[in-house]
1. Between ALA178 and ALA314, what length in nm is gained on full extension when 0.36 nm per residue of separation is reduced by their alpha carbon distance?
2. Express the accessible area of the chain per residue in Å², computed with a 1.4 Å probe while the remaining protein chains stay in the model.
3. How large is log10 I(q)/I(0) at q = 0.13, 0.16, 0.19, 0.26 Å⁻¹ when the Debye formula is applied to the Cα atoms of segment 194-266, each weighted equally and without solvent?
4. Amide H neighbours of VAL94 under 5 Å, at least 5 residues apart or on other chains, H built in the peptide plane: list them.
5. Residue-wise, which Karplus ³J(HN,Hα) couplings in Hz belong to segment 85-93, taking 6.51 cos²θ - 1.76 cosθ + 1.60, θ = phi - 60°, and x for glycine or proline?
6. Where Lys and Arg each count +1 and Asp and Glu each count -1, what net charge lies around GLY111 among other residues with Cβ under 9 Å from its Cβ?
7. With an 8 Å cut-off on Cα pairs and a minimum separation of 6 or more residues, tell me the relative contact order of the chain in percent.
8. Please figure out what share of the DSSP beta bridges in the chain is antiparallel and state it in percent, rounded to the nearest 5.
Amino acid sequence: MRRIRGTNRTAITAQVLAVCLFVMLCSGCAGSPKKVSKSGFYFDTIITVTLYGTEDGTYIDHCFALASEYEHKLSNTLPDSEITNINEHAGQFVTVSSDTLELIQAGMHYGELSGGKFDITIGKLSGLWNISEIAKNSQDDDNKAAPSVLPNAGDVEEALSHVDYQNIIIEQNQVMLADPGAAIDLGGIAKGYIADRMREYLRGEGITAGIINLGGNVLTLGEKADHATYSIGIQKPFADSGELLGVIKVKDASVVSSGVYERYFRVDGKLYHHILDTGTGYPAENDLTQVTIISPYSIDGDALSTTCFVLGLADGMALVESMDGIEAIFVTEDGQLHFTSGFGGELTFE
């Protein structure tokens, strides 16, 4: 699962590339001569908001204010966040805001839906692996690292024993971790939730066209002035040159991808990536390299991209097929693309 981290000025290469690809594809999307776009640095990545039909940047400034507000509520690494407070007071009830409560409940829902493959109590385990920091400090372009960076197997087993979303107890606006050894990490779902809140704010302000890109979590607002769709590029795994697998055309929809190429390192030729399997405590091992989810809401795309990757092609495909209004693209190690049955119309993959 991905982690929301405190502000760090070193952006992850794959995420920056995804942002650049997206901007390149959508630079001509405006159906009006009016356009405003700004970028900022939150959640340890670059985020970009582009609005069409206006040149007033204050709307984006408010979106960035929301990003900062949510980061300081939902991060599990910032010392004064609500999630940190819950984790540091495990075994006790902690009063939280309605936003934090709503997101924790959503995380628990996906924990149940996935049979625990998606679990927001993964905090101790994800912190033990620390994939992002190791990848940033890798020795060369191939992200080679020394064996000493790997966590001890006993430590992995111990951390894994505390991963169980059912240990989260909620009473009104109070949350408690019943297991004092557990820790919540909302990194696999929070960016999607925040993107949805930004879109909700913009709609309330009468903004009808735009693109919200939270480090590769892409959410479109409405449609272009000519009622046309937005073109969203899907990055080819491990392609340094910006090569695309293809383009999805959507309107008022979320496109979120998770893959082994986002944050990883290699030890003795073996790849270790950031998507952890809650069944083993180690990076998920299957024949997938990427999963892309297309959905009405980004919170669902965020959670499902991780969940379906861990489930693997067959079970992940079955889960998405059971859900209305959600589609997926699975990319296997042999480079083959696998689509859910609902692709077509505005969800055409080119």
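1. Numbers: separation 136, 0.36 × 136 = 48.96 nm, distance 3.39 nm.
So the chain would gain 45.6 nm between ALA178 and ALA314.
2. Details: 13800 Å² over 350 residues.
About 39 Å² of surface per residue is accessible.
3. Taken in order of the listed q values, log10 I(q)/I(0) reads -0.45, -0.64, -0.82, -1.19.
4. VAL175, MET176
5. Taking θ as phi minus 60°, the curve returns 4, 4, 5, 6, 10, 4, x, 10, 6 Hz for segment 85-93.
6. Numbers: positive: LYS117; negative: GLU112, ASP119, ASP164.
Counting the neighbours of GLY111, the net charge comes to -2.
7. Details: 741 pairs, mean separation 65.4, N = 350.
Value for the chain: 19 percent.
8. Numbers: 54 of 56 bridges.
Expressed as a percentage, antiparallel bridges in the chain total about 95.
The values are calculated or read from the model by the stated rules, or taken from the named source; none is laboratory data. It should be emphasised that the depicted structure is a prediction, and the values quoted were computed from it without experimental measurement. For neighbour counting, all protein chains shown are included, and Cβ atoms are generated from backbone atoms with ideal geometry for every residue, glycine included. All accessible areas refer to the heavy atoms of the entire protein, side chains included, with ligands and DNA or RNA removed. Shrake-Rupley method; radii C 1.70, N 1.55, O 1.52, S 1.80 Å.
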